[in-house]
Amino acid sequence: MDLNSNKDRYLFCSGAYDGKVNVYSAKKCQLLGSYPITTLSLARNIKAVRFTSDGRKILASTNARRLIVLDVETGEQVVSYDNCVYNGPDRTGLAVDGQTGPNIAACCCVNGRGLSIFDLRMPLPLDFIYDLHNNVIRDVMFLHESWPWCKGQNALLSVAIDGTAKVSTVDGRTLQSTQIGSMLNTAAPTPEPFGSMADDGFYSLIMFGGEFLTSFVPEVGVQERMREHGKDPLWKIKYTSNGSTLFTACDKGVIRKYRRFPDHHEFVEDLFSHSDDVEDIDISPYDEYLVTASKDQTVGVYKLGPPSHGVTEYGEIR
């Protein structure tokens, strides 16, 4: 199961093994709509979902190697791209560009080791970057142009299962390659523009999740390795919008909370647990709700409180 939150502060979507994209309201803890994207049993498994940056469309990748674009309000298929998505057994990487507009997207290409690049205004994929990594890519995201490797241009951060993290341009040029030294499934850059919190003593960093929870500071290297999750690999990690709090999700379904300090992160608590592995988490734009997607066929909605304190409560949508 995979999910993503919308520009609308309460709207989010999920996709899973039944071939449907579901749209929910976190505030109401309610299913608003369910859109089947195919009737073929071969293509029933949805590998990833993302809203475009303007919140008007949903991107969904399937195990039929297809990327489908849906209209959020009607559920109608706007366009689809065939033979361009990795169809491995687990959740796959899918990213949308929030800087240059709502039309540029990227996902793992068919061999799992490269990227497919899309301009959603075009009927065919924009480009293919084959063999960017030597192993399967687990996660991909657009990196803000302020990061030192990007040099003011649009760039992608991708992480592979063999522990390699790469920053590359959308046309396939590698700007930075780093070996983290352990298995990786996901990454989360701190949300502020690079270096903007230096006066307060905070380093901008990229947190990696997999075998360990690993923080990496540019020009410094690996700063921390944490393992409160034990031997259960991390599948998704997510910072709040101001970067003060980090949430992690792992096998066996436990959601954990960390506090970010100027030079380290500190484990705070186990928030709650699903009965099976959690494959994705997201946070609403104003940090009011934490949403989780689990293999136990439930979506968890945890009210964090405005803006990061106050009343908390938990509900499930099945």
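The values are calculated or read from the model by the stated rules, or taken from the named source; none is laboratory data. Bear in mind the structure is a predicted one, so any value in this text is a computation, not a measurement. Reconstructed Cβ throughout: ideal geometry from the backbone, glycine too, with neighbour counts over all protein chains shown. Quick note on the areas: whole protein, heavy atoms, side chains included, nothing else; ligands and nucleic acids left out. Shrake-Rupley method; radii C 1.70, N 1.55, O 1.52, S 1.80 Å.
Note on segment 45-62: among residues that are open to solvent by 10 Å² or more (accessible area, probe 1.4 Å) and over 13 Å from CYS107 (Cβ atoms), the one that is nearest to the chain's Cα centre (by Cα) is SER53. Candidates are the residues of segment 89-117 that are touching a Phe, Trp or Tyr at 6+ places or on another chain (Cβ under 7 Å) and among the hydroxyl-bearing types (Ser, Thr, Tyr); the one that is surrounded by the most Cβ atoms within 10 Å (Cβ to Cβ) is SER116.
Quick grid of which residues meet (1) among the hydrophobic types (A, V, I, L, M, F, W, C); (2) open to solvent by less than 60 Å² (accessible area, probe 1.4 Å):
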site: THR178; (1), (2): no, yes
site: ASP200; (1), (2): no, no
site: THR245; (1), (2): no, yes
site: ILE255; (1), (2): yes, yes
site: PRO262; (1), (2): no, yes
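Of all the residues that make up segment 185-206, how many are in contact (Cβ under 8 Å) with a residue 40 or more places away in the chain and in contact with a Pro (Cβ under 9 Å, 6 or more places away or on another chain)? The total comes to 10.
Test THR186 against the criterion of being open to solvent by less than 10 Å² (accessible area, probe 1.4 Å), hydroxyl-bearing (Ser, Thr, Tyr) and more than 27 Å from ASN45 (Cα to Cα), and give yes or no. Working first, answer last.
Details: open to solvent by less than 10 Å² (accessible area, probe 1.4 Å): yes; hydroxyl-bearing (Ser, Thr, Tyr): yes; more than 27 Å from ASN45 (Cα to Cα): no.
Taking the combined requirement at face value, the residue does not satisfy it.
For ASP277, the conditions (1) surrounded by 15 or more Cβ atoms within 10 Å (Cβ to Cβ); (2) modelled with pLDDT of 90 or more are fulfilled apart from (2).
Taken over segment 234-243, the criterion of being of a type outside the set (D, E, K, R) and either under 16 Å from the mean Cα position of the chain (by Cα) or open to solvent by less than 20 Å² (accessible area, probe 1.4 Å) (or both) is satisfied by LEU234, TRP235, ILE237, TYR239, THR240, SER241, GLY243.
Looking at segment 1-52, what strands (runs of 3 or more DSSP E) fall wholly within it and have at least 1 residues that are aliphatic (A, V, I, L, M) and at pLDDT below 80?
Details: elements: 2-5, 11-15, 20-25, 30-36, 46-51.
Ranges flagged: 2-5.
State yes or no: is ALA160 under 28 Å from SER294 (Cα atoms), open to solvent by less than 10 Å² (accessible area, probe 1.4 Å) and touching a His at 6+ places or on another chain (Cβ under 6 Å)? When the stated conditions are applied, ALA160 passes them.
Looking at this structure, is PHE194 under 24 Å from ALA48 (Cα atoms), among the hydrophobic types (A, V, I, L, M, F, W, C), out of contact with any helix residue (DSSP H, G or I) (no Cβ under 7 Å at 6 or more places or on another chain) and buried (at least 17 other Cβ atoms within 10 Å of the Cβ)? Working first, answer last.
Values: under 24 Å from ALA48 (Cα atoms): no; among the hydrophobic types (A, V, I, L, M, F, W, C): yes; out of contact with any helix residue (DSSP H, G or I) (no Cβ under 7 Å at 6 or more places or on another chain): yes; buried (at least 17 other Cβ atoms within 10 Å of the Cβ): yes.
Spelling it out, it is not the case that PHE194 is under 24 Å from ALA48 (Cα atoms), among the hydrophobic types (A, V, I, L, M, F, W, C), out of contact with any helix residue (DSSP H, G or I) (no Cβ under 7 Å at 6 or more places or on another chain) and buried (at least 17 other Cβ atoms within 10 Å of the Cβ).
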